[in-house]
Every structure is written in structure tokens, then in C-alpha cells.
Amino acid sequence: MGCAVKIMMSAGETSGDLHGAQLIAAIKRQSPTTEIIAFGGDNMAKEGARLLKNFAGYNVMGVWEVIKNLRRIFALLDFLEARMREEKPDLLVLIDYPDFNWRLAKRAKKLSIPVFSYIPPSAWAWRKGRAKTCAKIADEFVAIFPFELPVYEKAGAKISFLGNPLVDKVRGDLTEEEARDFFQIPKGKHAVLLLPGSRLQEIKLLLPTMLAAAEKILQARPDTLFFLPVASADVEAAIREQVTKSPIEIKLTKSHRYDLMGLADVAMATSGTVVLEAALMGLPCVSLYRMAKFNYCLGRLLVHIDNFTLPNILMNSRVQPELLQDEVEPGRIAAEILSLYRGEEKRAKTVAGLKEACSKLGQPGAADRIAAKILAAAKRGGKAT
């Protein structure tokens, strides 16, 4: 018998923490003695990772925000490099969060630690040259969307698509009647969700506009109830500060999020993983994204894609509405939301499109398949035999 495998993971934000937690659970099922150390969050810790550092407080987005935090970011890189020297993991697994993680990957390679990229940078959308750079650093890649493969294959990367773990994860655990009782949504009432994201910048930029749109929606449809599932405790205070300013009632929730998605008519959502989660629950979204003007102008120069939300990208067509930058205004949001209420003609077509998009995410069991590949890479690269 060889020595126990030690794997280091790095995930710098909430979505990566959730993906990492799912992987850790699958790894532990297959190899209970595997040690996991991580730069990650509470979800990874709950599944058995020993956190070297929690990402809370380091999660920033946008060019200027990153520049302001450069000193702290490089100090964190130095800290994690020192821990890699000390811990000597058999494999470093990068989980998304590219700008930080690929700097960490370069340091791992200098220490002769193999690198495994899970959810690689979106080279299909912008900076295609990154694929070649990343292919020289990482030994293996696993993508969670099939459209990510061609650009990396062309760059010579060893990459595979094994399905998307959300297919297993996203499902309710209450009956419709239990969910209606839990959320107090009587039949005849319509639920609309506000999903402002898990980052403070997103909440500050988008939640006030969502709340203003909710006022317009309520004027048109007084039979509407509004809910806001809180993505993480880190942003709850910021959300409550905004919600208390609204003249209408917004119910904050912390549990049974997927059951709530299954009951709701429609959601207004910051573009991201949550839009795909909603799609898997058959919930149409009006997807929104807004950023600081400098970041937006820079993005327009670098990013060349027709759609920016995942269901639309999977279908290569506008399956459901998405509003960007100046389009994100209360009247426009309200009009799109109202067109997707249950009973509206547009809703049935949208739900059918979402179902087709989700069919492209692969078969159940993705986390176990990816975990097996990670364990095999760790055993090849390290002390275990």
C-alpha cells in the first residue's frame, strides 16, 4: 500500500466553494483516506477540507477593485506558496477563479507540483491565447460545458467534458404542497424571485434596480409575492440594508432554495451559475449584468460573444431574456418579467428551450467521474502508488 494522497484545492468565490464541496464529497466516497487542504470556503470545510485560508474578504471583481487589493492578493499567494512547500501536496486542483488561480499554478509548477484545472478560464469567449498558456502549466483539464473544449483542444491541452455536477445537485426535496406551506405561497398567488448574486459589488450595482422593478411589477400584478434567497451570510447585511429601503415586502429566505425555484413563476437574476440552477428547475430568468463603466468598456474590447448567460450560450440562441449595462432599468426588467408569468404564451416556449439547454449538460454522476480523474492524477503525480 502506498502513502495516502494529499490534494490541495483553490477556489476563491462562492460558486467555486460549492463545486469544490461536491468534489470533496465524491473524492471522500471513493478514497476516504485522501487528505484535502484548501484555499476555499465554509462548504468545502464542511465536506472535510482543512482550510489553509478562507476566501472571505479576498473575493473581489473588476479591474480597479483588483488593483486596490493587489498587496493583499500577493501576500495571499506568498502564504499559499509557503504552505505548498511545507505540505507537499500530490496535486493542486484549480477551481475556476482564473486570475488568482493561474498565478498560484505557476508557483506550484516551480515546486514540481502537478496542476489540474477544473472549470478552466473562458478562453472560448475572450483571450483565446490563454488556452495555450494554460496548456503549458496544467497537466489536465476538466470543463463543465461542452462548448469549452475546442479552443483548449486546439491549444494542445488534455481536456475532457464529463458532465456538469449541477445535474445531480439541483433538485427540490419538498412536495409542492409542503413547499407552498413552508414559503406561505397560497394557490392563486405568483412568486417572483430576486437573485442578486453572491458578490457585494453585484448586489450594490443590481439589487436597487431589481427592487425598483419589483415595485412596477406589483403595480401591474398585485397578486405577486417577492422572495430573495440569500446566497451567503457574507452579503446578508448588504442585502438587508437595500431591502429595508423598499416600500414593498421582500421575503428573505435561507433554505429550500430549489423548492422555491420550482414554485416561482420567474426570476430576475444576476448572470451566473444561479441562472443555470434556475433552468434546471424549469424557472425562466430575466438575466441581468451591470459593471463599472471602465470595466464594461474594457470588456467590450476583449469579449466577443452573442449571449452572456449560460442557457443561451448552450443553445447559441436567446432562449430567455438577458439585459446588459444600460438595458438594466426597472421598466425594461418589469416588462420582461411580466411576459414570463405562468399562463403567458412566452413562458411555455422559454421553459421548453431551457429544458433543451439543460439536456446538453450530460448525464448524472459527473462529480464522481471528475473525482475519479482527480484521484488518478494525484496518484500519478505524487507519492502514492
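The values are calculated or read from the model by the stated rules, or taken from the named source; none is laboratory data. Computed from a predicted model, the values in this text were never measured in an experiment. Positions of Cβ are generated from backbone atoms using ideal geometry, with glycine treated the same way; all protein chains shown enter the neighbour counts.
Cβ-Cβ below 6 Å, separation at least six or inter-chain, first residue in segment 347-366 and among the charged types (D, E, K, R), second not in a helix (DSSP H, G or I): which pairs?
347/340
So which residues in segment 190-204 are buried (at least 20 other Cβ atoms within 10 Å of the Cβ) and either outside any strand (DSSP E or B) or outside the structural domain of residue 260 (by TED's automatic domain parsing) (or both)?
Hits for segment 190-204 are 196, 197, 198, 199, 202, 203.
Cβ contacts < 6 Å: first residue closer than 11 Å to residue 270 by Cα, restricted to segment 179-201; second residue at pLDDT 95 or above and among the small types (Gly, Ala, Ser), any location; separation 6+ or different chain. Result?
Close Cβ pairs satisfying both conditions: 195/267; 195/269.
Going by the structure shown, is residue 307 over 18 Å from the mean Cα position of the chain (by Cα), of a type outside the set (Asp, Glu) and either at pLDDT below 95 or not in a helix (DSSP H, G or I) (or both)? Before the answer, list the steps.
On the way: over 18 Å from the mean Cα position of the chain (by Cα): no; of a type outside the set (Asp, Glu): yes; either at pLDDT below 95 or not in a helix (DSSP H, G or I) (or both): yes.
Judged against the criteria, residue 307 is not a match.
For the condition touching a helix residue (DSSP H, G or I) at 6+ places or on another chain (Cβ under 6 Å) and at pLDDT 95 or above, what is the one hit in 45, 56, 26?
Values: 45 fails: touching a helix residue (DSSP H, G or I) at 6+ places or on another chain (Cβ under 6 Å); 56 fails: at pLDDT 95 or above.
So the residue among 45, 56, 26 that is touching a helix residue (DSSP H, G or I) at 6+ places or on another chain (Cβ under 6 Å) and at pLDDT 95 or above is 26.
How many residues does segment 110-151 hold that are farther than 19 Å from residue 8 by Cβ, surrounded by fewer than 21 Cβ atoms within 10 Å (Cβ to Cβ) and in contact (Cβ under 8 Å) with a residue 60 or more places away in the chain?
6
Identify, from the list 215, 202, 236, the residue that is under 17 Å from residue 331 (Cα atoms) and among the acidic types (Asp, Glu). It would help to see each step written out before you state the result.
Numbers: 202 fails: under 17 Å from residue 331 (Cα atoms); 236 fails: under 17 Å from residue 331 (Cα atoms).
Unique residue meeting the criteria: 215.
Looking at (1) crowded, with 18+ Cβ neighbours inside 10 Å; (2) closer than 30 Å to residue 29 by Cα; (3) at pLDDT 95 or above, which one does residue 381 not meet, given that it meets all the others?
Among (1) crowded, with 18+ Cβ neighbours inside 10 Å; (2) closer than 30 Å to residue 29 by Cα; (3) at pLDDT 95 or above, residue 381 violates only (3).
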